[in-house]
Amino acid sequence: MTDRNAGEDTIAAVATAPGRGAVSIVRVSGRDAVAVAGRVVGTLPPPRQAALKPFHDAGGNVIDRGIVLHFPAPRSYTGEDVVELQGHGGRVVTDMVLGALLVAGARGAEPGEFSRRAYLNGRIDLAQAEAVADLIDAATETAARAAQRSLSGAFSERVSALSEAIQEVRARVEGALDFSDEDAAWFGPQLEAAFERVTQELEELLRNAGQGRRFTEGCVIALAGQPNVGKSTLLNRLSGTDVAIVTEIAGTTRDVLRESINLGGMAVTLVDTAGLRDSSDDPVELEGVRRARKAFKASEMILYLVDARTGLDAEDRREWQALPSSVPRLLVYNKIDILATSDEKALPEGASGISAATGAGMDALVAQIHQRLGIEGETPAYSARSRHLRALQQTQLHVEQARTLLGAAHELELVAEELRLARCAVDEICGRSTTEDLLGHIFAGFCIGK
């Protein structure tokens with residue numbers, strides 16, 4: 001368990017984005033926050049009441065004039081005494097206010113230190129702290145709504161329920177250790193039923209967290225196919241702008257081209273690649289093909305485009321088979337606008353038919369992409385990160401091992417130990433079981449002042 005006593009020093013930082021704006025907020029938190037802020041603004045207003053005050057430097061000169069708010073511990077964001085100074089949003093004047101607070105006794109906050117103190121003081125758990133950063137970094141409205149749900153505790157509640165369910169099964173197992181083998185056999189059906197409930201809850205949580213991660217961290221989708229099948233045209237269509245050069249000349253795209261887009265509420269990096277052919281004698285084009293194959297391995301999904309007029313030929317089948325087996329892929333027939341209606345209906349089952357030139361079939365394509373990525377519904381239940389998925393997968397391994405041991409030899413001591421490890425793994429998500437290294441890694445990605 002992490003030590004939940006935050007540092008005793010008082011920290012200060014600018015909480016608003018850098019640059020020119022109408023208002024800037026400088027935040028102070030810590031044991032001496034009231035005294036430090038008082039040296040700059042004088043007497044503080046009553047808690048949670050705004051007051052207009054002059055801000056002074058160490059020499060008593062007025063730097064700015066703005067709103068002061070005081071949030072006493074423990075009912076503040078960090079759980080400590082917090083004071084906010086809201087002044088004019090110029091970069092220079094904001095730096096002068098922060099400098100006055102540092103001279104008055106505060107130190108500059110590290111990235112994420114306010115949220116880290118909130119976690120250490122029990123105001124939020126670790127998953128909620130990460131949701132703060134996810135809400136700030138959200139690239140789509142859907143991701144922002146999912147992060148808000150996690151910040152409000154929706155994800156943490158599900159994780160806590162799973163942790164308690166695992167602990168309940170473990171208690172049953174350890175209770176069975178006190179009985180003889182004959183008596184312990186009576187626990188078998190009860191334990192199996194309890195294991196089944198934990199397994200189902202874990203699988204649902206994994207599915208929802210996986211969907212949340214897609215929306216939180218985004219997804220990389222590569223466009224693959226032979227030259228002149230319309231990859232660059234599709235990139236332009238989905239991005240809504242002419243980011244890629246499109247010509248009738250085969251091999252126009254030579255290098256990997258990336259574009260960030262909003263694909264049905266999910267932040268996606270589309271990767272356009274060189275047309276796949278090894279017969280070219282152009283060393284630049286061959287290097288582009290090599291980079292394309294490398295990009296496929298780093299992607300999370302591949303859209304393989306073919307010309308609907310010719311369909312899959314021998315070269316397409318060879319390239320399709322050569323795609324990384326671990327990466328989901330979708331076969332996309334482009335240029336259906338040129339086909340007769342009867343030919344369009346004859347597309348292979350599971351393939352998507354589109355016209356990148358006219359936009360036909362785009363909604364269906366987006367729906368198929370979501371389906372292949374395991375996304376159900378328009379909005380995920382909550383935001384999640386890769387760290388959460390790894391913890392849940394580790395939990396699943398220990399639960400499965402415990403269940404195997406229970407059915408194989410009734411080695412209840414080993415079953416109980418696997419369940420203990422399973423609970424430790426799931427408790428890492430909300431920070432009930434974690435390390436200083438993990439905390440440092442998580443909060444280092446936050447902005448200063450949050």
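The values are calculated or read from the model by the stated rules, or taken from the named source; none is laboratory data. Keep in mind it's a predicted model, so treat the numbers as computed, not measured. Methodologically, a virtual Cβ is constructed for each residue, glycine included, from the backbone with ideal geometry; neighbour enumeration extends over all protein chains shown.
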Quiz item: Among the residues of the range 109-130, which ones are among the polar types (S, T, N, Q) and assigned to a helix (DSSP H, G or I)?
Solution: 115, 128
Quiz prompt | Positions within the range 9-26 being closer than 16 Å to residue 67 by Cα and assigned to a loop (DSSP other than H, G, I, E, B), in sequence order | solution = 15, 16
Practice problem: Could you list all residues from the range 133-173 that are farther than 18 Å from residue 209 by Cβ, surrounded by 17 or more Cβ atoms within 10 Å (Cβ to Cβ) and of a type in the set (Gly, Ala, Ser)? | Solution: 139
Quiz item: Do you know which residues across the range 16-30 are at pLDDT below 95 and either polar (S, T, N, Q) or surrounded by 15 or more Cβ atoms within 10 Å (Cβ to Cβ) (or both)?
Solution: 16
Quiz item: If you take the residues of the range 78-119 that are of a type in the set (Gly, Ala, Ser) and under 31 Å from the mean Cα position of the chain (by Cα), which of them is nearest to residue 64 (Cα to Cα)?
Solution: 89
Quiz item: Looking only at the range 292-310, which residues are in a loop (DSSP other than H, G, I, E, B) and either touching a Leu at 6+ places or on another chain (Cβ under 9 Å) or modelled with pLDDT of 90 or more (or both)?
Solution: 299, 300, 308, 309
Quiz item: Of (1) farther than 22 Å from residue 21 by Cα; (2) small (Gly, Ala, Ser); (3) outside any loop (DSSP other than H, G, I, E, B), residue 105 satisfies all except one. Which?
Solution: (3)
Quiz item: In the range 408-427, which residues are of a type outside the set (A, V, I, L, M, F, W, C) and without any contact (Cβ under 8 Å) to a residue 60 or more places away in the chain?
Solution: 411, 417, 418
Quiz item: Among the residues of the range 206-213, is any at pLDDT 90 or above, surrounded by 19 or more Cβ atoms within 10 Å (Cβ to Cβ), within 30 Å of residue 359 (Cα to Cα) and among the charged types (D, E, K, R)?
Solution: yes
Practice problem: Quick one: residue 203 ticks every box in (1) part of a strand (DSSP E or B); (2) under 21 Å from the mean Cα position of the chain (by Cα) except a single one, so which number is it? | Solution: (1)
Quiz item: On the given criteria, is residue 2 among the hydroxyl-bearing types (Ser, Thr, Tyr), at pLDDT below 95, buried (at least 16 other Cβ atoms within 10 Å of the Cβ) and in a loop (DSSP other than H, G, I, E, B)?
Solution: no
Practice problem: Evaluate the following for residue 289: is it in a helix (DSSP H, G or I), without any contact (Cβ under 8 Å) to a residue 40 or more places away in the chain, crowded, with 16+ Cβ neighbours inside 10 Å and not basic (Lys, Arg)? | Solution: yes
Self-check item: So residue 75, is it surrounded by fewer than 21 Cβ atoms within 10 Å (Cβ to Cβ) and over 32 Å from the mean Cα position of the chain (by Cα)
Solution: no
Quiz item: Given the structure, is residue 65 over 21 Å from residue 449 (Cβ atoms) and either among the basic types (Lys, Arg) or in contact with a Cys (Cβ under 9 Å, 6 or more places away or on another chain) (or both)?
Solution: yes
Quiz item: If you check residue 63 against the conditions, is it over 39 Å from the mean Cα position of the chain (by Cα), surrounded by 14 or more Cβ atoms within 10 Å (Cβ to Cβ) and within 13 Å of residue 101 (Cβ to Cβ)?
Solution: yes
Quiz item: For the range 139-160, what are the residues that are without any contact (Cβ under 8 Å) to a residue 60 or more places away in the chain and either among the hydrophobic types (A, V, I, L, M, F, W, C) or assigned by TED's automatic domain parsing to the domain that holds residue 75 (or both)?
Solution: 144, 151
Exercise. Kindly establish whether residue 73 is more than 15 Å from residue 41 (Cα to Cα) and among the aliphatic types (A, V, I, L, M).
Key: yes
Exercise. Find the residue count for the range 32-81, including only residues that are under 24 Å from residue 132 (Cα atoms), of a type in the set (D, E, K, R) and touching a residue at least 12 places away in the same chain (Cβ under 8 Å).
Key: 3
Exercise. Taking the options 133, 139, name whichever one is under 17 Å from the mean Cα position of the chain (by Cα), in a loop (DSSP other than H, G, I, E, B) and not β-branched (Val, Ile, Thr).
Key: 139
Exercise. Check 87, 42, 108 and return the single one that is at pLDDT 95 or above and on the phi > 0 side of the Ramachandran plot.
Key: 42
